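Structure first, commentary second.
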Amino acid sequence: MLYYARTEALRMLRNRRYIIFVVLFPVVFYLINANIYGNQTAEDGVRVAVYLMVSMAAYGALSASMMSSAVPWAQERQTGWLRQLQITPLPGWAIIVTKLGAAMLLVLPSLVLVFAVAVLQQGVTLPVSRWVPLLLALWLGTIPFIALGLAIGSLLAPDAAQPVAMICMFALALLGGLWFPVQVMGGTIRAIAELTPSYRYADLGWNIVAGNGLPLTDVLVVAGWAVVLGAAATFAYRRATVRA
Amino acid sequence: MDAIVFDQVSKDYGEVLAVDDLSLTIEPGRTVALLGPNGAGKSTSINMLLGLLKPTSGTISVHGRTPDQAVAAGAMGAMLQSGELIPELTVKELIDLIRRLYPQPLDLAEIVKLADLGDLVKRRANKLSGGQAQRVRFALAIAGAPKILLLDEPTAAMDVESRLRFWESMRDYAAGGRTVLFATHYLEEADEHSDRVIVIAKGKVVADGTAAEIKAGVGGHTVRFAIGEQPAAGLDRLPGVTAVEIVAGTAALRTSDTDATLNALYRATSLEVRDLTLTGADLEDAFLALTREP
């Protein structure tokens, strides 16, 4: 199973689309934005370059979560690769758990690269006591997005999964305030944004870098979404692999 | 203990009855062809044998276990129809991935040799030709050293030479005392590469035996001649004739007694018989006779 997870990760690293969208975009967006706004200081005295680092890392992790789950999984179902695995001794639950594990591995390059660029190019510094929780929160917080991607991949054919996953990803990024702060949004949209897993997920990171610790509401909302979307993914997986 | 047992197995997809009260037994170590036209229930039977589909009624056992248990124990390997590979992985990575999921797999080198993949191991799956991809899929099917190998129309995408090489590989694998069941609608394949042929049509077994036995069971010879526009009435009452078919001005009489039929054809009818040929039954005739719509 470890070898399976390793192979899954390797395979995505060779996928050009994954590399461009997931690894390059967040870094490039960060460089552009940080070089324009980075030296401003937010109301609470934190440099914007630091907040942007969290936003772009969160965006990268969000897109990695969705890109490495929905479409590859839909393709494997359609092309018969899933059946190839189903006739090996690998149990059915292990297939979906491995997918989750591999997707989580694939989130790490986006996070680490954006952090690295922030440190090297913008001179961002944080105490270790903030780096470690930041990485962990932004890493574990991707579970709801991966679950969403797997649910999409289980329910839809590849042709449909591709646009649906893209729309979900952009909607979550936009509503979650990963590109523009939610503060600039109108009241209603902002109220909706605060219910999304993506806003709460990024908010974990923003609070950590500001030294506010972990807001309980954010943790609960992200965990709640993880449970709901995890259940949806499990249900969809069962439906997709049902042995009629 | 028998390798494969179907006991009164039926499978319907709503209105369509794909497999109809199918019972058959296959002993270990045999290479068996499941021969039938498209839609005969071959793929459905194989998918049920792998636990990918559940029978509507009846039971299937594999070495005394359920299909799911047999799969979990690593006893099954299969080449199913239309299975694609992961494009970004190399041949070696694909084989290694699958073989590591089995408890007692074959060595990588042995798989590469059996599947004839020598110079392809480092190639990515998306750079393989159709025939090469089929060989990789065969490699994946045998990677876990399964006791039972199922092949669902394995040569469908292959050219003639690839086919020959493929059947050699299959024979090498079967030689280790393993059971092989392959589905095909090619008669020659069933005839040449199996030691038993099970003919199915409309989800039922219609013949079962060696290719030679099946030919003999249908029996007799076929007399063909150009009948043109002449009336065909009465041909079916000639001595020995078991079936008459008229296609494009040619009459084909299946007969169990060639001498009597020919004698009567010339003496007891007023037909002008031209271009007469006489052929013994081949497996193709047998197959057509067995699977013909009633």
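The values are calculated or read from the model by the stated rules, or taken from the named source; none is laboratory data. Keep in mind that this is a model prediction, so the values were computed, not measured. As a convention, Cβ positions derive from the backbone with ideal geometry for all residues, glycine included, and neighbour counts pool all protein chains shown.
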Going by the structure shown, is residue A:3 assigned to a helix (DSSP H, G or I) and in contact (Cβ under 8 Å) with a residue 12 or more places away in the chain?
no
Return yes or no: is residue B:178 closer than 30 Å to residue B:278 by Cβ and modelled with pLDDT of 90 or more?
no
If a residue has to be within 7 Å of chain A (Cβ to nearest Cβ) and in a helix (DSSP H, G or I) to count, how many in the range B:97-106 make the cut?
2
The listed residue being without any contact (Cβ under 8 Å) to a residue 60 or more places away in the chain and either outside any helix (DSSP H, G or I) or buried (at least 18 other Cβ atoms within 10 Å of the Cβ) (or both), out of A:180, A:170, A:145
A:180
In the range B:68-92, residues that are more than 7 Å from chain A (Cβ to nearest Cβ), in contact (Cβ under 8 Å) with a residue 24 or more places away in the chain and outside any loop (DSSP other than H, G, I, E, B) total 6
Just name the residue that is nearest to residue B:98 (Cα to Cα) out of those in the range A:1-53 that are of a type in the set (Ser, Thr, Tyr) and either surrounded by fewer than 18 Cβ atoms within 10 Å (Cβ to Cβ) or away from chain B (no Cβ under 14 Å) (or both).
A:3
Please go through the range A:11-35 and give me each residue that is out of contact with any helix residue (DSSP H, G or I) (no Cβ under 9 Å at 6 or more places or on another chain) and outside any helix (DSSP H, G or I), ordered by number.
A:14
Tell me yes or no: at least one residue of the range A:61-72 is away from every other protein chain (no Cβ under 14 Å), closer than 24 Å to residue B:100 by Cα and touching a Gly at 6+ places or on another chain (Cβ under 8 Å).
yes
Tell me, yes or no, whether the range A:184-203 has at least one residue that is in contact (Cβ under 8 Å) with a residue 40 or more places away in the chain, surrounded by fewer than 18 Cβ atoms within 10 Å (Cβ to Cβ) and touching a helix residue (DSSP H, G or I) at 6+ places or on another chain (Cβ under 6 Å).
no
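Within the group B:145, B:109, B:133, which residue is part of a loop (DSSP other than H, G, I, E, B), more than 9 Å from every other protein chain (Cβ to nearest Cβ) and among the hydrophobic types (A, V, I, L, M, F, W, C)?
B:145 is the lone residue from the list that is part of a loop (DSSP other than H, G, I, E, B), more than 9 Å from every other protein chain (Cβ to nearest Cβ) and among the hydrophobic types (A, V, I, L, M, F, W, C).
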Taking the criterion of being among the hydrophobic types (A, V, I, L, M, F, W, C), surrounded by 19 or more Cβ atoms within 10 Å (Cβ to Cβ) and away from chain B (no Cβ under 12 Å), would at least one residue in the range A:80-98 satisfy it?
yes
Residue list for the range A:204-244, restricted to those being in contact (Cβ under 8 Å) with a residue 12 or more places away in the chain and either in a loop (DSSP other than H, G, I, E, B) or not hydrophobic (A, V, I, L, M, F, W, C) (or both):
A:205, A:210, A:211, A:214, A:215, A:217, A:218, A:230, A:234, A:237, A:239, A:241
Selection status of residue B:45, more than 20 Å from the chain's Cα centre (by Cα), among the hydroxyl-bearing types (Ser, Thr, Tyr) and either closer than 28 Å to residue A:95 by Cβ or at pLDDT 95 or above (or both):
no
